[in-house]
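Written out below as C-alpha cells is the structure these notes cover.
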Amino acid sequence: MYAHGKIPRFGARILTARHARGFALPWTMFVLLLVSLLAASGFLITWLEGQSARAFARATEAFFVAEGGLATALAVAEGPNPSVPPVGLGGGTATVTFEPLIDLRPGETVFRVESRGEIVSGGATFERSVGQLMWVAGPPRLPGALVLLGGVSGPPPEGTISGLDPLGGACPEQPSPVAGVAYWGGPPPAPDSLLTISGSPPDRWIPGSVSVAAETGIRWTELLATWGPEPDATVPPDPWPGPGLGGGWPSIRIPGSAALGAASSGRGALVVEGDLTLDGGFAWNGLILVGGALLLNGDISVRGTLASGLEGGLGVAADFAGHTVDLRFDACAVAAAAGRLTAPAAAIPGTWYEVW
C-alpha cells in the first residue's frame, strides 16, 4: 500500500522520458532547417558576390571602353565641328558626343567631350561615362587674296589682285568674298595704273591691336611646332612632292628660305619659314604662307591666298619689284589647302571627369 497522497517516484521518471522523446524529433528538424538555411544563405551570399564581381568586372570594362573612346576622340577630332562615329573597343562600344561650351575667337572653340562606354553581357548592359574639355581650332581663314604684315617696299607689281571668288559661296569653310589686299602695320601696294586691286573691300587695313591668330586662325609658332600639323613633305630633306600626295592637296614645309620657279608649280599648302622668292612662271593653287619676306623675281600666278611676314618681325615686307602678278582668291582652293594645316585638337589639362 502507498501512503495517501503520495505519487510513485518511478512514475515521474517515466513521464519525463516520454516528454523527452516527444521533443527530440521537432528539435532535430529545427536544427536541420537551420543548417539548411545557413547553407542556402551561404550559397546566396556566394552567388551574390559572384554576380557583384562579374558586374564590377563588366563595369570596369565599360570604363576602359569609355576611356578608349575619349582618347580616340582627342586624337582624331578636327574643327570646326568635330564628330567621331561609335568606336568599337574590346567587345564594347564607345559613343562620343561634342558639346560646344565657349568660342574663344572665330574658329577656336572649347568643347565638352563625353564618351559613354557600353558592355553587353548576359542580357544586361553596363555603362560608364568619362569626359574632358578640349580645345579645337578650325583651319586658317584668310581675310584677303594677299595678306601682308609689315607693309610693302619697292615698286608695286603689275597685273591683278582680286578677292572676288568667281564661285561665290561654293566653299563656305572659307569666307568669300574677301579683300584684295589685307595688311597690318603698313600701307598696301601703292596705286598704279598697271595694277588692279578688287575685293570686298579692295584693300583692308587691320589694326595692330588685332592679332594675326585672332583674325586668320594662323598660329605661326604652333603651326611649326613638333606637335603641330604634320606636313606631308619637308623640303629638304624630302624631294618635291608628286601630285598624288595628300589627296592631291599636300602640305609642304620649307624650313629655311627658298626660291621657287615654274618647276615647283603645283597646289596645296606651302609653308615657308624664311623668305620666299618666286621666279617667273611659278603658278600655284591653294595657300602660301611665308614667315619672312615675299620677293617676286618674275611673273607669277596664284589661285587662292598668299600671306607673308607671318614670323611677326617688324618691317617684314613683300617686295614685288615691278613684276606682274595674277593673284585671285579661290575659296575652294584655300579650303582644300587650309584643311591640311588644321592644328590638332588638344585636351585641356585638369579637366578630366567621370559622369555618375
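The values are calculated or read from the model by the stated rules, or taken from the named source; none is laboratory data. Since the model is a prediction, treat every value here as computed from it, not as a measurement. Ideal geometry is used to build each Cβ from the backbone, glycine not excepted, and the neighbour counts take in all protein chains shown.
Summary of values
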| read-out | value |
| --- | --- |
| The one condition in (1) of a type in the set (Asp, Glu); (2) within 24 Å of the chain's Cα centre (by Cα); (3) buried (at least 20 other Cβ atoms within 10 Å of the Cβ) that residue 230 fails to fulfil | (3) |
| Test: residue in region 325-339 that is of a type in the set (Val, Ile, Thr) and in a helix (DSSP H, G or I) | yes |
| Region 93-117 - residue that is at pLDDT 90 or above and either basic (Lys, Arg) or touching a helix residue (DSSP H, G or I) at 6+ places or on another chain (Cβ under 6 Å) (or both) and, of those, surrounded by the fewest Cβ atoms within 10 Å (Cβ to Cβ) | 112 |
| Options 318, 346, 333: the member that is among the aliphatic types (A, V, I, L, M) and not assigned by TED's automatic domain parsing to the domain that holds residue 179 | 346 |
| Residue within region 195-215 that is among the charged types (D, E, K, R), surrounded by fewer than 21 Cβ atoms within 10 Å (Cβ to Cβ), closer than 23 Å to residue 345 by Cβ and at pLDDT below 85 present | yes |
| Scope region 119-142; condition surrounded by 20 or more Cβ atoms within 10 Å (Cβ to Cβ), of a type outside the set (Val, Ile, Thr) and within 25 Å of the chain's Cα centre (by Cα); matching residues | 128, 129, 131, 132, 134, 137, 138, 139, 140, 141, 142 |
| Residue match in region 319-333 (condition: modelled with pLDDT of 85 or more and more than 18 Å from residue 180 (Cβ to Cβ)) | yes |
| Per-region count, region 100-129, residues of a type in the set (D, E, K, R) and under 25 Å from residue 65 (Cβ atoms) | 6 |
| Residue check for residue 145: closer than 21 Å to residue 207 by Cβ and among the aliphatic types (A, V, I, L, M) | yes |
| Enumeration of residues in region 143-170 that are surrounded by fewer than 24 Cβ atoms within 10 Å (Cβ to Cβ), touching a Leu at 6+ places or on another chain (Cβ under 6 Å) and at pLDDT 85 or above | 158 |
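Okay, residues lined up against (1) out of contact with any Gly (no Cβ under 9 Å at 6 or more places or on another chain); (2) without any contact (Cβ under 8 Å) to a residue 40 or more places away in the chain; (3) β-branched (Val, Ile, Thr); (4) closer than 22 Å to residue 263 by Cβ:
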site	(1), (2), (3), (4)
280	no, no, no, yes
283	no, yes, no, yes
288	no, yes, yes, yes
291	no, no, no, no
298	no, yes, no, yes
305	no, no, yes, no
310	no, no, no, no
317	no, no, no, no
322	no, no, no, no
